[in-house]
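In what follows, a single structure is set out as structure tokens and then discussed.
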Amino acid sequence: MKMSVRILCFVFCWFVPTAGTAQAQSYPTRPIKIVVTFPLGGAPDILSRLCGPKMQQTWGQPVVVENRPGAGGNIGADYVAKSPADGYTLVMGTVGTHAINASLYANMPYDPVKDFSPVIRVASTPNLLVLNNSVPARSVQELIALAKSQPGKVFFGSPGVGTSIHVSGELFNAMAGVKTVHVPYKGRQFAIPDLLAGQFQFMFDNMPSALPLAREGKLRALAVTSAKRSPAAPDIPTMAESGLPGFEATSWFAVYAPAETPGAVIAKLNAEFNRILGLADVKEKLGAIGLDLAGGTPEQLAAFTREELAKWSRVVKESGAKAE
């Protein structure tokens, strides 16, 4: 009897990793879903819809991009956290879903570290401070002066509470000593038309969506939120150069799978995303709209996520931002 138990244990221990390896070798055998936690048109959506078709060409399986917006990205991220850990449901996570929201929301539906398997950091981008053209400010200092002269009467928009766009505005209030009012929307596609129409005065938007509008003259760009000027717009100064030293709020985007997704599947996904990020046409297209490509290993993303959680905890506290 004891010998039979030993044999069964041996067979079980041999079979489980072998089965997992076989599953990873055949992966993918059906469609893959990339969940974007915000509506159409923003940087995470652009990245997902650029990478998806290239993955499909490599593996011969459909790659579907599904937008699940809401609660600063928490709804889509939570959906992926609770999906099967088989590599067929991924999330294009953001600085909001995996760093900011943990400090901003009192009751998070998921843990940004424990509930996910990191795949790869995809890209980062500064936010761009843009104004409605009717606003009489041609510099950050002039915007500060305007806000100080009209406390509580200057408004800034964002695509949702917890986004780096929201927190950039709150950080601006704290560092400039002004009281502008946050107007949260349910996505960028709702906020931008109102900014263009003058329903609010300014916004810290991601470069990929804001820069084209600034280049077309539809909005006025004042500064970028990165520590250094963006190669995509070297003529636009940083917030630090504009009189707010130490101001930095960069958005980033990374792919995560549900926790306990097999390591071999993660490795296969990581290799494919790294391949895509190395393609010349991808570099050219994304670089032109202000996205800095990243890449790297799952381990690097895991360490980066922990660092960003600590960093944004400090920023959120300093900014006074709250989940409204």
Can you tell me which of (1) closer than 25 Å to Gln189 by Cβ; (2) in a helix (DSSP H, G or I) is the one Leu146 doesn't meet? (1)
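Grab the strands (runs of 3 or more DSSP E) fully contained in region 157-237, keeping just those with 3 or more residues being of a type outside the set (S, T, N, Q) and open to solvent by less than 10 Å² (accessible area, probe 1.4 Å).
202-206, 219-224
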Any residue in region 40-51 that is closer than 14 Å to Val91 by Cβ sitting within a Cβ distance under 9 Å of a residue that is modelled with pLDDT of 95 or more and part of a helix (DSSP H, G or I)? List the pairs, counting only those 6 or more apart or interchain. Cys51/Glu272; Cys51/Phe273; Cys51/Ile276; Cys51/Leu277; Cys51/Val282
Residue list for region 96-114, restricted to those being modelled with pLDDT of 95 or more and in contact with a Ser or Thr (Cβ under 6 Å, 6 or more places away or on another chain): Thr97, His98
Scan region 287-304 residue by residue and report those that are within 18 Å of Asn206 (Cβ to Cβ) and part of a helix (DSSP H, G or I). Gly287, Ala288
Taking region 243-286 as the search range and keeping residues that are in a loop (DSSP other than H, G, I, E, B) and surrounded by 21 or more Cβ atoms within 10 Å (Cβ to Cβ), which one is farthest from the chain's Cα centre (by Cα)? Thr261
Number of positions in region 62-93 that are touching a Gly at 6+ places or on another chain (Cβ under 6 Å) and modelled with pLDDT of 95 or more: 3
Any residue in region 307-320 that is on the phi < 0 side of the Ramachandran plot sitting within a Cβ distance under 8 Å of a residue that is open to solvent by less than 50 Å² (accessible area, probe 1.4 Å) and not in a helix (DSSP H, G or I)? List the pairs, counting only those 6 or more apart or interchain. Glu308/Trp252; Leu309/Pro112; Val315/Ala249
Any hit, region 256-268, residues being touching a strand residue (DSSP E or B) at 6+ places or on another chain (Cβ under 9 Å) and at pLDDT below 95: no
Those residues of region 307-324 which are surrounded by 13 or more Cβ atoms within 10 Å (Cβ to Cβ) and either modelled with pLDDT of 95 or more or assigned to a helix (DSSP H, G or I) (or both), in sequence order: Glu308, Leu309, Lys311, Trp312, Ser313, Val315, Val316, Glu318, Ser319
Please give the number of the condition Ser168 fails out of (1) within 18 Å of Ala223 (Cβ to Cβ); (2) of a type in the set (S, T, N, Q); (3) without any contact (Cβ under 8 Å) to a residue 12 or more places away in the chain. (3)
Every listed condition ((1) within 21 Å of Leu40 (Cβ to Cβ); (2) without any contact (Cβ under 8 Å) to a residue 12 or more places away in the chain) holds for Pro234 save (1)
For region 115-132, indicate whether the set of residues that are at pLDDT 95 or above and out of contact with any strand residue (DSSP E or B) (no Cβ under 8 Å at 6 or more places or on another chain) is non-empty. no
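The values are calculated or read from the model by the stated rules, or taken from the named source; none is laboratory data. Since we're looking at a predicted model, the values are computed, not measured. FYI the Cβ positions are ideal-geometry reconstructions off the backbone, even for glycines, and counts take in every protein chain you see. Note: accessible area is taken over every heavy atom of the protein model, side chains too, but ligands, DNA and RNA are not part of it. Shrake-Rupley method; radii C 1.70, N 1.55, O 1.52, S 1.80 Å.
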